[in-house]
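Accompanying notes for the structure given below.
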Amino acid sequence: MKRSLLALFSLFAAPAIVRAQDGGITLKGGLSYGNVSNSGALPGNVSQRSGFAIGLGAATGGTFGFGVEGLYAQRGVNSSTSGDSRKIDYIDVPVYLRVAVPMTAVAPFAFVGPQASFELNCKTDNGDCPDTGRPKVTYAGVIGAGLRFGMLSGISIEARYVYGLTDLKLSTVSTANSYQTRSFMLLAGFGF
């Protein structure tokens, strides 16, 4: 419960703090393509779990700045073997260094930084995920780039890659190797 409250606080409070520093607030949403490393060791035919991501982001202005976000994101892996799929939903809180080329019409930007993800739930085909000691808070590195269209009321598009660093400790019969999340996201935003 405390993790959920901390995640919700981060989602709503952090953008207000950055806004006070003359930054911009962006409502973001889009597609999330998730997978895990070492997926070949999971039984059955394994494929990525596609889902969505939505949330708020805030960034300081100028050429160099900082950003923070709170995003609900779906990740996991699908398996053709019953009970081996993992559908994990998170609140992602990336904090990153942002570099932008300030232009009036179309402004490119890039960002890189760490991310903490707070698990909201984990489901298999048969119900809740088994308790295998899986951490409820995971860490990752995030890198991305995009374009902000200033003449269109702050509309932006971006792509990002999330490289998980925390072992998920998935329960499998064939390996004891570590499993980390890997995600690719395509997001659109509206700044205000």
Exercise. Search the structure for amide H atoms under 5 Å from the amide H of SER85, placed 1.01 Å from N in the peptide plane, and list their residues when 5 or more places away or on another chain.
Key: SER79, ASP125
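Test of understanding: what is the full-extension gain from ILE157 to ALA107, defined as 0.36 nm times their sequence separation minus their Cα-Cα distance? Mind showing how you got there, number by number?
Values: separation 50, 0.36 × 50 = 18.00 nm, distance 1.07 nm.
Full extension of this stretch gives 16.9 nm more.
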Practice problem: Rounded to whole Hz and in sequence order, give me ³J(HN,Hα) for the stretch 100-105 from the Karplus expression 6.51 cos²θ - 1.76 cosθ + 1.60, θ = phi - 60°, writing x for Gly and Pro. | Solution: 10, 9, x, 10, 6, 7
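None of the figures in this text is laboratory data; all of them are computed from the coordinates on show. Keep in mind that this is a model prediction, so the values were computed, not measured.
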